[in-house]
Every structure is written in C-alpha cells, then in structure tokens.
Amino acid sequence: MLHFLKQAHTERRRVIAVLLDPEKFDPFVASVEDLLPVNQTDVIILVGGSTRDQLPMSTWLCQLKTQTTCPIFLFPGDVSQLSDQADALLFLQLLSGDNPEYLIGQHEKAVPILEKMDIEIIPTAYLLIDGGTVTSVEQLTITKPLDQHNIDLISRRAKAAEWLGHQLVYLEAGSGAMKAVSPEIVQQVANRCSIPILVGGGIRSVAVMEQLWEAGATVVVLGTILEQQPDFFSTVNGTKTCLQ
C-alpha cells in the first residue's frame, strides 16, 4: 500500500481518501459504495476516529470488505482499533504536540498486538493544524494544534519527520474544522519533503480539493462532509463542482 501512495506521489496522481468512523458508519446497515466517487481507481478508505465498543473492529472491517475493493487503511485513535483485516496501518506519531502518550506511548503498547498481525505498517508523521475550532483530536491528545500562520515551523517539522524515517506526512485540521489546511502550508511542505502528503479536515468542496492537489498533496481526505452529504460524489462524472 505504501508503494501505491509513493507511485501516486511520483506520478502526481490525485488520490481521494474516504474517512469512515466506525462509530458513525455501520456497514451492516449502509453501503460504502454510496459514498464513493464513480471512478475508484485512485480512491482509498481510511478507518478510524472515535472508539466503537459495540462491535469488534475486525468484524466491522470484514463486513466493509464485502462492499468494496478499494484499499483500506487503518487510521487508529488508539490500540483498541487495531486489526489485520485492513490492508495497511498508518502508524501515526503526533509530532505537533509533546504528549508522550502519542509520541511513543501508544506505539509501544501496540507492539505485542501488531507482532501477531500480518499487516503493512506505514510510519506516518501526524501534524495537527489549527482549523478554527477545538477538535476531538485536540481534546483526546491534550495537545495544541500548530498555527496555520507559522508555515515555516510546520514545514520544518514535516521535514524533520521525513529525516526521522516517516514515510508519509498527514496534515490534519481535525474533524469538523471550520477551515482546511491552507494550500500555502501544503506547498511549502511539498517543497521541503519528498514523501507523500495527506491532507484532511474542513474540506467541503471540490474547489478546495483541487487547490490542495495543485499545492502538492497526494491524498485529500474527506470525512465529515460525506457524513453530512452522502451524495457528494453522485453527479455527472462522479463529482460535484461545488458543495455550497
């Protein structure tokens, strides 16, 4: 799966990631196909977010896999969301804050679980960027997001993450953010880094998606908008020109 993202990055292909929260999407009731664009060549599914106590993650994923052939990546909030029923795991390290639990604590807890699993593990630098509201990530990790105006700091941190061995960098404004990560941030990170960039949070229109891809993002992540507007992609040629 990392090879797929690296190839897309090299070829400047535009990848869409559909983010599913197991607490909000039930594959036993709804079909993920209803949320996806018509052309699914460069579409991936991210699974994670809030915890789900009612149903084991593996059971949830097995049902999801009956509905789609899109690659499925785990985007876990903690070790309770690990499963080898996905194609790959974004092994996230929150580098925008200094909470040791999310710098290394959750990772070492995951080791004995992941050692028993057959799943591709992708080291991913996770940078929380201020999206204009307090997000669940900020509340969960008890860390502050990076200021969108401090573009140089954000890009330096992303470059340091690459030098530390991370294979992806995820710029995240947070679920339900009032504003997305700016194209200027994405562009400077892309200029400094040679690894694929994922951007999520606060993306509500195809126009913003286009701006982020043009700036250098490989993957644009959509979550809340698909919860609010499940038919976001269901128009001519599989896309809408604008959300508004």
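So that you can scan it fast, the table gives a plain yes or no per residue for (1) of a type in the set (Ser, Thr, Tyr); (2) in contact with a helix residue (DSSP H, G or I) (Cβ under 9 Å, 6 or more places away or on another chain); (3) under 19 Å from Tyr170 (Cβ atoms); (4) modelled with pLDDT of 95 or more:
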| position | (1), (2), (3), (4) |
| --- | --- |
| Leu103 | no, no, yes, yes |
| Glu108 | no, no, no, yes |
| Glu115 | no, no, no, yes |
| Asp118 | no, no, no, yes |
| Ile122 | no, yes, yes, yes |
| Ala125 | no, yes, yes, yes |
| Leu128 | no, yes, yes, yes |
| Leu140 | no, yes, yes, no |
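Report whether or not Gly176 is modelled with pLDDT under 95 and within 28 Å of His3 (Cβ to Cβ). Please lay out each step first, then the result.
Values: modelled with pLDDT under 95: yes; within 28 Å of His3 (Cβ to Cβ): no.
Criteria not met by Gly176.
What are the residues in segment 134-154 that are more than 15 Å from Leu92 (Cβ to Cβ) and either exposed (fewer than 15 other Cβ atoms within 10 Å of the Cβ) or free of Cβ contacts under 8 Å to residues at least 24 places away in the same chain (or both), if any?
Val134, Gln139, Ile142, Lys144, Asp147, His149, Asn150, Asp152, Leu153, listed by residue number.
Any chance segment 63-74 includes a residue that's more than 16 Å from the chain's Cα centre (by Cα), farther than 20 Å from Thr141 by Cβ and of a type in the set (A, V, I, L, M, F, W, C)?
Taking segment 63-74 as the starting set, the residues that turn out to be more than 16 Å from the chain's Cα centre (by Cα) are 63-69.
Adding the requirement that they be farther than 20 Å from Thr141 by Cβ leaves 63-69.
In the following step, the residues that additionally are of a type in the set (A, V, I, L, M, F, W, C) were identified as 64.
Scanning segment 63-74 turns up at least one residue that is more than 16 Å from the chain's Cα centre (by Cα), farther than 20 Å from Thr141 by Cβ and of a type in the set (A, V, I, L, M, F, W, C).
Taking the condition out of contact with any helix residue (DSSP H, G or I) (no Cβ under 8 Å at 6 or more places or on another chain) and open to solvent by less than 30 Å² (accessible area, probe 1.4 Å), does His3 pass? Give the derivation first.
Values: out of contact with any helix residue (DSSP H, G or I) (no Cβ under 8 Å at 6 or more places or on another chain): yes; open to solvent by less than 30 Å² (accessible area, probe 1.4 Å): no.
Against the criterion (out of contact with any helix residue (DSSP H, G or I) (no Cβ under 8 Å at 6 or more places or on another chain) and open to solvent by less than 30 Å² (accessible area, probe 1.4 Å)), His3 does not qualify.
Checking Thr59 against (1) open to solvent by less than 50 Å² (accessible area, probe 1.4 Å); (2) free of Cβ contacts under 8 Å to residues at least 12 places away in the same chain, which test does it fail?
Only one criterion is unmet by Thr59, namely (1).
Does Thr135 count as on the phi < 0 side of the Ramachandran plot and modelled with pLDDT under 95?
On the way: on the phi < 0 side of the Ramachandran plot: yes; modelled with pLDDT under 95: yes.
Yes; evaluated as a whole, the condition is true for this residue.
Considering (1) open to solvent by less than 20 Å² (accessible area, probe 1.4 Å); (2) in contact with a Leu (Cβ under 8 Å, 6 or more places away or on another chain), say which one Ile121 fails and leave the rest.
Result: Ile121 passes all but (1).
Could you pull out the residue among Gly176, Gly105, Gly131 that is out of contact with any strand residue (DSSP E or B) (no Cβ under 8 Å at 6 or more places or on another chain) and loosely packed, with under 15 Cβ neighbours inside 10 Å? So that I can check it myself, show each step before the final result.
Working: Gly176 fails: loosely packed, with under 15 Cβ neighbours inside 10 Å; Gly131 fails: loosely packed, with under 15 Cβ neighbours inside 10 Å.
On inspection, the qualifying residue turns out to be Gly105.
Quick check on segment 71-81: of everything there that is open to solvent by 20 Å² or more (accessible area, probe 1.4 Å) and without any contact (Cβ under 8 Å) to a residue 40 or more places away in the chain, which residue is nearest to Glu115 (Cα to Cα)?
This residue is Val79.
Residues checked against (1) open to solvent by 50 Å² or more (accessible area, probe 1.4 Å); (2) modelled with pLDDT of 95 or more; (3) among the hydroxyl-bearing types (Ser, Thr, Tyr); (4) within 22 Å of Asp98 (Cβ to Cβ):
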{"site": "His166", "(1), (2), (3), (4)": "no, yes, no, yes"}
{"site": "Leu171", "(1), (2), (3), (4)": "no, yes, no, yes"}
{"site": "Ser194", "(1), (2), (3), (4)": "yes, yes, yes, no"}
{"site": "Thr218", "(1), (2), (3), (4)": "no, yes, yes, no"}
{"site": "Val236", "(1), (2), (3), (4)": "yes, no, no, no"}
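Just name the residue that is surrounded by the fewest Cβ atoms within 10 Å (Cβ to Cβ) out of those in segment 82-102 that are without any contact (Cβ under 8 Å) to a residue 40 or more places away in the chain and not hydroxyl-bearing (Ser, Thr, Tyr).
Taking segment 82-102 and keeping what is without any contact (Cβ under 8 Å) to a residue 40 or more places away in the chain, we get 82-86, 89, 91, 100.
With not hydroxyl-bearing (Ser, Thr, Tyr) added as a condition, the list becomes 82, 84-86, 89, 91, 100.
Values: Leu82: 19, Asp84: 17, Gln85: 19, Ala86: 28, Leu89: 25, Phe91: 20, Pro100: 9.
The selected residue is Pro100.
Of the residues that make up segment 62-70, is at least one crowded, with 21+ Cβ neighbours inside 10 Å and either out of contact with any strand residue (DSSP E or B) (no Cβ under 9 Å at 6 or more places or on another chain) or at pLDDT 95 or above (or both)?
Residues of segment 62-70 crowded, with 21+ Cβ neighbours inside 10 Å: 64, 70.
From what's left, either out of contact with any strand residue (DSSP E or B) (no Cβ under 9 Å at 6 or more places or on another chain) or at pLDDT 95 or above (or both): 64, 70.
Yes, segment 62-70 contains a residue that is crowded, with 21+ Cβ neighbours inside 10 Å and either out of contact with any strand residue (DSSP E or B) (no Cβ under 9 Å at 6 or more places or on another chain) or at pLDDT 95 or above (or both).
The values are calculated or read from the model by the stated rules, or taken from the named source; none is laboratory data. Being a predicted model, the structure only gives us computed values, none of them experimental. Don't worry about glycine lacking a Cβ; one is built from the backbone with ideal geometry, like all the others, and counts go over all protein chains shown. For the accessible areas, the whole protein counts, side chains as well, though only heavy atoms, and no ligand, DNA or RNA atoms are used. Shrake-Rupley method; radii C 1.70, N 1.55, O 1.52, S 1.80 Å.
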